[in-house]
């Protein structure tokens, strides 16, 4: 899961200032965590404790009201509403990584991905984006080859994963949909040769950089692991509460000690 947080934090400074290259300082002094991290950690806490995820998202929203939430989520979380709002936004995929790490069968991963996603993002494309991301993470952590991940995601979810980052980069712009974020994030992972390279490729595409790198980072974490120095730098940027949940989740499900 921490790979997703790393992607969010590193990408945070490029969301509105895209950089179309892989050559940049990995951790800028201006890096910060965004709503991607906040809602990912909220999901991790829900899995750890069994608390209702919808209630936890609203609780975290009020604890971190300026984390950069989308308008529809902002209105939902700040209201008494509990019904979903038919979103196809990429928030469905950015927060789902804990599911791919916490459950021990693909069937359970997909059922949980749907149930956690549809609390807000009950549009078919939102559900598809969350499920595809969780599926890729599950496959990666269980030793699947990249070719198998590519083929399974393409055939099951209909995403075009035949493109390359060099083909995507010149024309790719900010897009908040799962339809035009999740495939690009998966391609960045598929084309990478290390965790750091995956993050650099994702951010180099431009667009919604923190969310794109967050999605890529979760999959790359499952496949490569996250180098300790990168993990520690990201953990240092979190506050005590977010760090505590992240460490507990990592210790329980990823068997990593920080």
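Data for the structure
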item	result
For the range 161-203: rounded, prolate or oblate by the Cα gyration tensor [a/c cutoff 1.5]	prolate
Inter-part distance where the range 165-241 and the range 15-90 are each reduced to a Cα centre, Å	16 Å
Convex hull volume per residue for the range 155-252, taking Cα atoms only, in Å³	120 Å³
Exposure proxy ranking, count of Cβ atoms within 10 Å, fewest first, for 106, 205, 212	106, 205, 212
Relative contact order [Cα under 8 Å, 6+ residues apart], the chain, whole percent	31 percent
Likely footprinting exposure, 256, 81, 95, fewest C-beta neighbours within 10 Å first	81, 256, 95
Potential extension, residue 241-residue 66 segment - 0.36 nm per residue separation minus Cα distance	61.4 nm
Three-way shape label, the range 88-141, alpha-carbon gyration tensor, a/c 1.5	prolate
Two-site label geometry, residue 23 and residue 252: point separation in nm, points 7 Å out along Cα→Cβ	4.5 nm
Spherically averaged projected area in nm², based on the convex hull that wraps the Cα atoms of the range 2-254	11.7 nm²
Largest-first ellipsoid semi-axes for the range 1-93, taking √(5λ) over the Cα gyration tensor eigenvalues, angstrom	26, 15, 11
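Where a number appears in this text, it was derived from the coordinates with a stated rule and is not lab data. On a predicted model such as this, the values are computed, not experimentally measured, just so you know. Don't worry about glycine lacking a Cβ; one is built from the backbone with ideal geometry, like all the others, and counts go over all protein chains shown.
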